[in-house]
Amino acid sequence: MDAKYHRITYREYNLALLDQMLNVVTTSTLVVYALYTFEAAGVPENRAMMLTIPFAIYFIFRYLYLIHVRGEGGAPEEVLLTDRPLQISLVLWGILVVFIIYVLPHNGHLADFFNVPPAS
């Protein structure tokens, strides 16, 4: 499928430019997410959200692998619905986030281990 027939502006883009744009966006996304885990309002002050960074990195790198090596980037929703490793990483990330935000502060032994002040 040739994108330049869908919109006239697509004729102006080439693969090298799109790859550079993808590099900038990927890097920016990872940096912003890492900063979010450190400083965002509503995340635990103990910096435990940093434990989710490897999942975000894996998710993005897996998607890049799928679009560049396997050529599966045409329909991102299809990639997400069909790629088992991508789904597993997303589920594990979600479980970890729920654990960090909701379970960790309310469990005395785990809170002591992770140096989390108990919830009031």
Would you mind checking the radius of gyration and Dmax of the stretch 3-113 based on alpha-carbon positions, in Å? 18.1, 61
Starting from the stretch 9-48, pick out the GluC sites (Glu not before Pro) whose DSSP state is loop and whose Cβ has at most 16 other Cβ atoms within 10 Å. GLU45
Starting with the highest mean, order 65-75, 47-57 by the number of other Cβ atoms within 10 Å, averaged over the residues of each peptide. 47-57, 65-75
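Values in this text are rule-based calculations from the coordinates and carry no lab data. All values derive from a computational prediction rather than experimental measurement. When we count neighbours, we look across all protein chains shown, and the Cβ atoms used for this are built from the backbone with ideal geometry, even at glycine.
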